[in-house]
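Trainee: First, the structure itself, so that you have it in front of you.
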Amino acid sequence: MAGGSHFQDEDAGRMITDINVTPLVDIVLVMLIIFMVTTSYIVNPSIKVDLPKAATGSDQVKTTLGLTLTKDGGLYLNGDKTDDGGVQRYIAAELPRNPDLQAGIAADGSGVIAVRAVRRTHRRVEVVSFDARGRVSRAVTVSRGDAADLATLDVAPSGAVLVVWFRHGQGRRWRLEAATRESGSAAFGPATPVSGFVRRPCCTSLSAAIGDRGDAVVTWTSTSRPVVWAAMRGPGRGFRRPQMLTANAADAPRAAVGAGGTAAVLYSVQHVPPRPRDGLHLHRAVRSGPFGPPEQVNPGGGVTIGEATVTPGGRVLVAWIDRARASVHVSEAAPGRPLFDAGELGTDVAPARVAVAADDDGAAAVAWTQLVSPQPVPRERAVAALRPGGGAPFGRAIALGQPWRAASPETARLLPHGGALAVWRGDRFTGPARRRTALAVTRLP
């Protein structure tokens, strides 16, 4: 009998008086059913949904589409000169074979494309470099071993490159490894460990950034253990021993590195019930040194959407969303000085991604998502504000384009002679399985 116990009389020769145990068994079975039902509700309080099932578990090699647009209007596809029709024909031919078509686009500048190359049972991380003329180098393997999965990639304005991947070892253990290309160099350095081997279930979120000098930071956390780790390196050096920043992160950490070597890591902390130390936390490190103690950006704020940027001189600017006021706040800190509130921007701000850029002269650009009409169909648009520098305040919010069903900023960059560029995306849904996505670039005056 399932869930029951077996009893055997030790004295088989002794007379046993008949006992009717049927009511006792009925009661035990009823209690068992009650415990099973109530336990299932306690353990799984979430809403049940029908999850999609994979048609196959085999590895697939993704197609890489490398486009380069030169300043004279030349268009190159994977290093070969082409036109708009050639690109459309290539996509039409590749898309049926592989829906996960990846594209890397450069505007008159060098860059790299990193992919996970799958050959039989081997998985390696390969990097392809290209220049402004559309010339593409041969693929170079930067990972070690035969089981590596690409994690992230970052390129500094100076051309320094950081590639990070998961290297899998024995017994389902893995560690983070990275390869860097210094500014002015044409070759990647050897693969170096970022973390030690660990055994963690799914999933690990990480962020990486590299500065113009080659200073780099990698920060990560796992859903099974909300500890935020961060590892730094200096130009031409390996990564320092990882430093634990917190044991109670409530979201994925974000990293930023300035041209002068100052690094920043941003994450949220939230407890139940709330505590005064909850909210957005910032850690700073100078020139590959250790990270300092946490600095509270919005005490008691809980999980907060925010983004940080670091100027060449080490000034840190954090843009974060105040959900209670539906606005964007800007917090700022000079090197070695505490954070202060630099202003509040926007109205009807949606809880979506923000983008931020800043310079040492005080110029800054912040982009966010504004909710245009919540009913009957929600509509959003990307919005940005510019601060010219020299002690001037932020200007009025500027709409980057027309409203979309969903819109969000991707990145913001200051221009050398004033103004800024904001890259944003818009999505429209024309059916249950049809979506139109546009990527746009808007210049701010």
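Trainee: Mind counting the residues in the stretch 119-152 that are under 20 Å from the mean Cα position of the chain (by Cα) and either crowded, with 20+ Cβ neighbours inside 10 Å or at pLDDT below 85 (or both)?
Mentor: Here the count works out to 4.
Trainee: Working carefully through the options V318, V372, find the one that is within 20 Å of T442 (Cβ to Cβ) and among the β-branched types (V, I, T).
Mentor: The conditions single out V372.
Trainee: Please return the ranges of strands (runs of 3 or more DSSP E) entirely within the stretch 112-185 where 1 or more residues are of a type in the set (D, E, K, R), under 24 Å from A259 (Cβ atoms) and touching a Phe, Trp or Tyr at 6+ places or on another chain (Cβ under 7 Å).
Mentor: So the answer is 174-181.
Yes/no per residue for (1) more than 17 Å from H283 (Cβ to Cβ); (2) outside the structural domain of L339 (by TED's automatic domain parsing); (3) not hydroxyl-bearing (S, T, Y):
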| site | (1), (2), (3) |
| --- | --- |
| V198 | yes, yes, yes |
| A209 | no, yes, yes |
| T219 | no, yes, no |
| Q243 | no, yes, yes |
| A247 | no, yes, yes |
| G258 | no, yes, yes |
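Trainee: Among the residues of the stretch 340-367 satisfying the criterion of being in a strand (DSSP E or B) and more than 22 Å from the chain's Cα centre (by Cα), which is farthest from A440 (Cα to Cα)?
Mentor: F340
Trainee: Tell me, which residue of the stretch 356-391 that is touching a strand residue (DSSP E or B) at 6+ places or on another chain (Cβ under 7 Å) and of a type in the set (V, I, T) is nearest to G260 (Cα to Cα)?
Mentor: Once the filter is applied, the top-ranked residue is V356.
Trainee: Given the criterion modelled with pLDDT under 95, of a type outside the set (D, E) and touching a Gly at 6+ places or on another chain (Cβ under 9 Å), identify the matching residue among A264, A285, A250.
Mentor: After applying the criteria, what remains is A250.
Trainee: Here's a follow-up. Filter the stretch 206-215 down to residues that are part of a loop (DSSP other than H, G, I, E, B) and of a type outside the set (G, A, S) and give me whichever is modelled with the highest pLDDT.
Mentor: If we take residues in the stretch 206-215 being part of a loop (DSSP other than H, G, I, E, B) and of a type outside the set (G, A, S), then D215 is modelled with the highest pLDDT.
Trainee: Let me ask another. Looking at R172, R233, R213, which is the one that is charged (D, E, K, R) and in contact with a Pro (Cβ under 6 Å, 6 or more places away or on another chain)?
Mentor: R213
Trainee: What number of residues in the stretch 177-203 are more than 23 Å from G111 (Cβ to Cβ) and at pLDDT 85 or above?
Mentor: 5
Trainee: Does G426 satisfy the condition of being of a type outside the set (A, V, I, L, M, F, W, C), free of Cβ contacts under 8 Å to residues at least 40 places away in the same chain, assigned by TED's automatic domain parsing to the domain that holds E332 and touching a Gly at 6+ places or on another chain (Cβ under 7 Å)?
Mentor: no
Trainee: If you don't mind, another one. Could you check V218 against (1) modelled with pLDDT under 95; (2) under 16 Å from the mean Cα position of the chain (by Cα) and say which number it fails?
Mentor: (1)
Trainee: To continue, here is another question. Restricting attention to the stretch 238-263, report how many residues are aliphatic (A, V, I, L, M) and out of contact with any strand residue (DSSP E or B) (no Cβ under 7 Å at 6 or more places or on another chain).
Mentor: Qualifying residue count for the region: 2.
Trainee: Restricted to the stretch 280-298, and to residues that are more than 21 Å from the chain's Cα centre (by Cα) and assigned to a strand (DSSP E or B), which residue is nearest to Q243 (Cα to Cα)?
Mentor: E295
The values are calculated or read from the model by the stated rules, or taken from the named source; none is laboratory data. Owing to the predicted nature of the structure, the values given are computational and were not obtained by experimental measurement. Glycine gets a Cβ as well: all are built from the backbone with ideal geometry, and neighbour counts include every protein chain shown.
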